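Notes for the one structure printed next.
The values are calculated or read from the model by the stated rules, or taken from the named source; none is laboratory data. If you're wondering where the values come from, they're calculated on a predicted model, not measured in any experiment. No Cβ is skipped: glycine too gets one built from the backbone with ideal geometry, and neighbour counts run over all protein chains shown. When the accessible area is computed, the model is the full protein with side chains, heavy atoms only, and any ligands, DNA or RNA have been set aside. Shrake-Rupley method; radii C 1.70, N 1.55, O 1.52, S 1.80 Å.
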Amino acid sequence: MQRKIEPQLVVRRGQPFKIILRLNRKYDHEKDGISFIFTADDEDKTSYGQKTLIAAPLLKKPDKTFIWNTVLDHETESSLHVNILTDPEAVIGKWKLDVDTKKIDGGAYCYCWETAIYLLFNPWCKKDRVYLNSEEWRDEAVLNDTGIIWRGTFNRLKPVIWKYDQFDSNILDCSLYVLHYVGKIRVCRSLGLPTRTITNYSSAHDTQGSLTVDYFLNEEGDLIEDLNSDSVWTFHVWNEVWMCRSDVDEKFDGWQAIDATPQEQSEEKYQVGPASVTAIKHGDVLKPYDNAFVFAEVNADKVYWRYTGPTQPLKLLRKDTNAIGKLICTKAPGLYERLDITHIYKHAEKTLKERHTMLKALQQSKNIFARYYLNEDFNDIHFEFILKDDIKIGDPFSVNLMMTNKSKSNDYTVNVLLRVDVVNYTGNIGETVQKRNFDVVVKADSLHEVSLEVNYFEYAKKLMDQSTFKILCFATVKDTNFDYYAEDDFRVRKPDIKFEIPEAITEGKESIIGVSIENSLPVPMRRGEFTISAPGFDKPLKIRVKSAVPPREKAMVKFSFIPPKKGIYSLAAKFICREMDDCDGYQVISVQYSRVEMNGNAD
């Protein structure tokens with residue numbers, strides 16, 4: 001540990017490290033006995049049986065009968081160089097070290113090392129339960145301190161730089177405190193567990209354990225709040241850790257889903273996992289822990305019911321088997337790019353394997369909706385819900401429903417409701433931006449389109465986080481009493497922050513970076529401010545924009561920084577103003593070695 005105040009020794013279990021004992025006289029192999037006593041510091045009661053108290057004699061060569069080995073490497077007149085090999089299943093946390101010495105014809109002395117030894121998981125050790133064979137994933141999931149988290153919606157992905165900072169000076173102590181005194185949730189990379197951040201787009205929140213997301217609507221197409229407890233988040237983020245699952249079965253080894261922001265209680269605590277991703281893919285929802293909940297997050301069916309009263313039967317309006325878990329992704333190892341991992345959580349949609357897995361999961365559930373009784377097929381009118389998704393904030397957008405009458409002889413009267421509501425990323429509906437009813441006649445063998453137009457001034461003051469809308473269509477063919485229901489999440493895209501980077505950036509030398517953002521709004525941006533993070537900054541830098549920025553013009557600032565050393569780094573910036581927030585951007589940069597001229601030669 002390289003912090004300035006109270007630095008400690010940090011090592012990985014199952015991997016040798018060396019200590020040097022300074023002596024007041026030469027070590028006598030015939031008369032001097034030395035033992036090393038290791039005690040797990042965070043355990044209330046330590047014992048040899050629990051492997052939280054270890055006594056290891058100084059050996060001349062390794063001995064496999066000892067779970068910890070302390071072996072003399074070499075010696076001098078006043079010192080002993082000792083290699084220590086810890087148990088690859090040793091308790092993670094802080095350990096105390098006492099050195100007991102005894103002379104055969106004399107007294108005994110105990111030296112207590114005042115500082116602690118921090119013992120971490122070891123993904124490089126084959127005997128450690130978190131061993132990870134892939135070098136590129138070890139580098140990414142253990143050593144990389146900067147990642148990317150994807151937000152936004154499936155139609156408009158939004159990456160943002162995320163600082164893990166697992167090597168910062170006090171993070172390890174904080175992680176161990178949380179581990180031992182708060183609960184089972186852990187800041188994992190700092191403890192040595194291979195960990196990666198996962199984003200699931202259109203993530204189901206199944207409150208009933210039915211493996212379905214059920215919506216109950218009245219005749220106006222409004223959700224009946226008292227009956228609706230399930231929801232779909234535009235995205236949800238959790239983590240995966242790599243480990244073997246000896247508590248279940250070796251076929252469930254590998255990536256395990258855990259969640260630091262759980263939505264439901266498990267065993268009377270807000271916690272999720274570890275849930276085997278392999279078990280989730282194959283529909284083994286009863287395996288520990290919380291597999292059914294994670295399965296529903298990525299693969300639930302959305303089911304829509306019409307509710308007309310407590311004494312009336314529910315009418316199944318529609319089921320959607322493809323709406324949940326539209327994209328599951330993480331940062332690619334070694335690259336600032338997105339890696340699609342949907343296939344490790346689920347079989348491809350619309351395949352027999354996917355439907356078989358869903359049925360297998362449902363058969364294990366104790367709470368199953370009668371989802372298989374659908375409306376009778378109606379083939380004459382074909383509905384297609386269309387939404388243009390590449391819209392900048394400030395621009396108008398439209399919602400369109402295309403109705404194709406395939407009948408050669410029959411006209412049909414259709415009532416259509418189109419509605420736009422603001423929504424936050426957890427799926428909670430806010431204010432209605434606009435809604436409109438249409439009564440139209442779709443002529444035989446023809447195409448008919450209805451459209452709802454929305455402009456900036458209608459939605460600007462109603463936007464919630466992530467600038468996301470819920471677009472809803474509810475149509476009824478009056479002649480046949482056939483109902484069609486569809487919805488989609490839609491996000492207006494905020495302008496990206498751009499960086500102007502010099503051709504070369506050198507360690508130890510000042511570089512000037514330009515940062516800008518275009519005003520996509522039809523009104524000026526006022527009181528704008530950039531927040532910038534760069535290598536070498538102790539804290540983010542805030543820079544105010546001096547004046548209002550007119551529509552279609554750019555807010556621009558410059559800043560300087562001195563990169564501390566060669567390497568690949570990321571610049572990150574955020575922008576807020578009175579009219580808009582949550583704008584961000586990042587840029588990956590390469591810092592080169594400094595070339596110092598000495599005696600006319602490049603050193």
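Residues of the range 426-584: accessible area per residue at 1.4 Å, in Å²?
51
Considering only GLN592, ALA56, SER79, whose Cα is most displaced toward the positive end of the charge dipole of the chain, charges sitting on Cβ of Lys, Arg (+1) and Asp, Glu (-1)?
With unit charges placed on the Cβ atoms, the residue in question is SER79.
With r as the distance between the Cβ atoms of GLU500 and MET402 and R0 = 45 Å, compute the FRET efficiency 1/(1 + (r/R0)^6) and round to 0.05.
Efficiency for this residue pair is about 0.55.
Please determine, in degrees from 0 to 90 and to the nearest 10, the orientation of helix 352-364 with respect to the longest principal axis defined by the Cα atoms of the chain, where the helix direction is its Cα long axis.
Around 80 degrees separate the two axes.
Pop the C-beta distance of LYS478 and LYS251 into the FRET formula with R0 = 60 Å and round what comes out to the nearest 0.05.
0.65
Please work out the average accessible area per residue across the range 169-321, using the 1.4 Å probe convention, and give it in Å².
Values: 6230 Å² over 153 residues.
I get 41 Å² per residue for this part.
Let me check I have the definition right: for the range 272-342, take the eigenvalues of the Cα gyration tensor, multiply each by 5, take square roots. What are those semi-axes in whole Å, largest first? Kindly include the intermediate steps, with their values, before the conclusion.
Details: eigenvalues 218, 60, 15 Å².
Three semi-axes, in Å: 33, 17, 9.
Modelled label-to-label distance, THR207 and TYR181, 7 Å Cα→beta-carbon offset: nm?
A separation of 3.6 nm, rounded to one decimal place.
I need two numbers for the range 304-364: Rg to one decimal and Dmax as a whole number, Cα atoms only, in Å.
17.6, 59
Within the range 86-108, list the residues whose amide N lies under 16 Å from a label point set 7 Å along Cα→Cβ of MET1.
Those under the cut-off are 92-97.
If you take every residue apart from ASN83 with its C-beta less than 10 Å away from the C-beta of ASN83, what net charge results, scoring Lys and Arg +1 and Asp and Glu -1?
Working: positive: LYS18; negative: ASP73.
Local charge sum for ASN83: 0.
Report the full-extension gain for the segment GLN50 to GLU114: residue separation times 0.36 nm, less the Cα-Cα distance, to one decimal in nm. The partial results should precede the final answer.
On the way: separation 64, 0.36 × 64 = 23.04 nm, distance 2.39 nm.
Contour length minus the Cα-Cα distance gives 20.6 nm.
With an 8 Å Cα cut-off and a minimum separation of 6 or more residues, compute the relative contact order for the range 417-502 in percent.
Working: 125 pairs, mean separation 26.5, N = 86.
That works out to 31 percent.
Roll a 1.4 angstrom probe over the protein heavy atoms and tell me the percent of accessible area of the chain that is carbon or sulfur.
So the carbon and sulfur contribution to the accessible surface is 50 percent.
Once the piece of chain linking PHE17 and HIS343 is laid out straight, how much longer is it, given 0.36 nm per residue of separation minus the C-alpha distance between them?
Value of the extension gain: 113.3 nm.
For every helix of n ≥ 4 consecutive DSSP H residues, a contribution of -39,500 (n - 2.57) applies; sum these over the chain, divide by its total residues, and give [θ] at 222 nm rounded to the nearest 500 deg cm²/dmol.
Per the formula, -2000 deg cm²/dmol.
With a ≥ b ≥ c taken as the square roots of the eigenvalues of the C-alpha gyration tensor of the range 459-558, please select rounded if a/c is under 1.5 and otherwise prolate if a/b is larger than b/c or oblate if it is not? Show your work: numbers first, answer last.
Numbers: a/c = 3.73, a/b = 2.58, b/c = 1.44.
Prolate shape, in that a/c is at least 1.5 and a/b is the bigger ratio.
Full extension from LYS102 to SER169: what is 0.36 nm times the residue separation minus their Cα-Cα distance, to one decimal in nm? It would help to have the intermediate numbers written out before the result.
Working: separation 67, 0.36 × 67 = 24.12 nm, distance 3.79 nm.
So the extension gain works out to 20.3 nm.
How far apart, in nm, are two points set 7 Å out from the Cα along the Cα-to-Cβ line at ASP320 and at GLU431?
2.5
How large is the charge dipole for the chain, taken about the Cα centre, if only the Cβ atoms of Lys, Arg (+1) and Asp, Glu (-1) carry charge, to the nearest 20 debye? Please report the intermediate quantities before stating the final value.
Values: 81 positive and 89 negative charges, 217 e Å.
That gives a dipole near 1040 debye.
Let me check I've understood the local charge: for LYS360, count other residues with C-beta under 13 angstrom from its C-beta, Lys and Arg +1, Asp and Glu -1. What total comes out? Don't skip to the end; give the middle numbers.
Working: positive: LYS281, LYS287, LYS346, LYS353, ARG355; negative: ASP284, GLU354.
Value of the local net charge: +3.
What relative contact order, as a whole-number percentage, does the range 506-591 give when Cα pairs under 8 Å and 6 or more residues apart are counted?
On the way: 194 pairs, mean separation 30.9, N = 86.
Worked out over the range 506-591, it gives 36 percent.
Describe numerically, in nm with one decimal, the distance between label points set 7 Å from Cα along Cα→Cβ at LEU352 and at THR76.
Computed distance between label sites LEU352 and THR76 equals 7.4 nm.
Mind checking the per residue accessible area of the range 20-164 for me, 1.4 Å probe, whole number of Å²? All intermediate terms of the calculation are to be shown ahead of the outcome.
Working: 8040 Å² over 145 residues.
Ligands and nucleic acids excluded, the figure is 55 Å² per residue.
List the relative contact order of the range 215-302 as a percent without decimals, with contacts defined as Cα pairs under 8 Å and 6+ residues apart. Could the numbers behind the result be given before it?
Numbers: 126 pairs, mean separation 15.6, N = 88.
The value is 18 percent.
Please give the solvent-accessible surface of HIS74 in Å², to the nearest 10, using a probe radius of 1.4 Å with every protein chain present.
Rounded to the nearest 10, that gives 80 Å².
Give the label of the value calculated from the structure for Kirkwood radius over Cα pairs in Å, choosing from (1) 28.7; (2) 27.0; (3) 28.0.
It is the value labelled (1).
Starting at the first residue of the range 196-202, write each ³J(HN,Hα) from the Karplus equation 6.51 cos²θ - 1.76 cosθ + 1.60 with θ = phi - 60°, in whole Hz, x for Gly and Pro.
9, 8, 10, 10, 10, 8, 6
Sum up the charges of everything whose Cβ sits under 14 Å from the Cβ of ALA348, counting Lys and Arg as +1 and Asp and Glu as -1, but leave ALA348 out.
+3
What figure, in Å² to the nearest 10, do you get for the accessible area of GLU384 with a 1.4 Å probe and non-protein molecules left out?
Spelled out: GLU384, probe radius 1.4 Å, area about 90 Å².
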